[in-house]
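Shown next, in structure tokens, is the structure this report addresses.
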Amino acid sequence: MPAELVGMQIDWSPQAPLQPLRLGWLVAAGVDVGLLRLDLIDPLISGNKWFKLAPHLANAMRSGARGLISLGGPHSNHLHALAAAGQRFGFATAGLLRGEAQDTPTVRDLQSFGMTLHWLGYGGYRERHRDGFWSAWRERHPDLHPVPEGGGGFPGALGCTVLREMVQCQLAELGWGDYDGWWLAAGTGTTAAGLIIAEAGARPVHVALAVPERHGVAPQVKAILAEAGLVDGGYRLLDACRGGFARLDAELARFILDCEREAGIPLDPLYTGKALLALRDQVGSGAFARGTRLVFVHTGGLQGRRALEERIQALAARVS
């Protein structure tokens, strides 16, 4: 059984490489993009998830908890990273999952990592925003520290502020002296909020929403920034959900495969793929002047692609 987190030392500060993204439509527009490869920080604790989790883990350590409990779907990148971290560093994890019990590659991993799973159904999962939702789960798991869905909220955003320094110390490797802004996908808006806080208005953060407006990313970002004491940090939100969360269409599937073939970079279809397609559309519309330098954050999510691979190939074949 995992010990209490108090006194535990987790000496891990992953670093992601900043690589040039070479695609024909970027070259034609004269727009340079540096890709921050968070997907490469670790085989299992991949993407932006660790950076959002780390502050919650620190809070759990201070509270004397034995581990963490959080929420997500049957393909959740967040729960996958949480469970993998629990197994590696020796703390307990529990997941509250959307829907009825099902078998997916992600769920099998969660089980193999030792995460305790509770399936809430769809109605039960919708209750997660209700006041008092966590009370029953605190009673059931009094030794576990609750973490919001996706590692969201102010603590998770603060954990993502380190990405700015991670990029700045690698600019010379791209031959850049500076950059003009950020581009990234958003599911909760937490990583974007962290970058907005870190930049404090110095550079714009362009946020491609991979979820519909009703998911509440805009008010979430605003609330985090208010807690950080920022009224307007210089950011913009763009609709990139293509009709719904996890909505995958033939154009997106074809775009992902074409970009992967040309640039050699694997893309996740729910977040990074949608964000890159939205960037292509913005670049094509002339939104960025020639010579613009953008940092695009690859937020990972590749483990969740396993269940979608056949569908991606089939949809892409429709527009071959």
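Neighbouring Cβ atoms within 10 Å as the yardstick, rank 63, 285, 46 fewest first. Intermediate results must be reported in sequence, preceding the final value.
On the way: 63 12, 285 8, 46 24.
In increasing order of surrounding Cβ atoms, one gets 285, 63, 46.
Between the range 261-320 and the range 73-142, how far is it from one alpha carbon centroid to the other, in angstrom?
Going from one Cα centre to the other spans 28 Å.
Pull out the extension gain between residue 313 and residue 289, defined as 0.36 nm times the separation in residues minus the alpha carbon to alpha carbon distance; nm, one decimal. Write down the numbers at each step before the final one.
Working: separation 24, 0.36 × 24 = 8.64 nm, distance 3.43 nm.
Here the answer is 5.2 nm.
With viscosity set to 1.002 mPa s and temperature to 20 °C, compute the Stokes-Einstein D of the range 49-152, Rh being the Kirkwood radius across alpha carbon pairs; µm²/s, no decimals. Working shown, then result.
On the way: Rh = 13.5 Å.
Once the numbers are plugged in, D ends up at 159 µm²/s.
Dividing the Cα radius of gyration by the Kirkwood radius, what Rg/Rh value follows for the range 74-118?
Values: Rg = 9.5 Å, Rh = 10.2 Å.
My calculation of the ratio gives 0.93.
Pull out a ≥ b ≥ c, the square roots of the eigenvalues of the alpha-carbon gyration tensor of the chain, then state rounded if a/c is under 1.5, prolate if not and a/b is larger than b/c, and oblate in the remaining case. Write out the running numbers ahead of the final one.
Values: a/c = 1.73, a/b = 1.40, b/c = 1.24.
Prolate.
Please identify the DSSP H helices in the chain that span no less than 20 Å along the helix axis (Cα) and have a mean Kyte-Doolittle hydropathy of -0.5 or more. Could the numbers behind the result be given before it?
Working: long enough: 49-63 (21 Å, -0.31).
Those that pass (Cα extent of 20 Å or more, hydropathy at least -0.5) are 49-63.
Quick note: the coordinates plus some simple rules give every number you see, no bench work behind them. This one's a predicted model, so the numbers in the text were calculated from it and none came from an experiment. Here the Cβ is made from the backbone with ideal geometry for all residues, glycine too, and neighbour counts use every protein chain on show.
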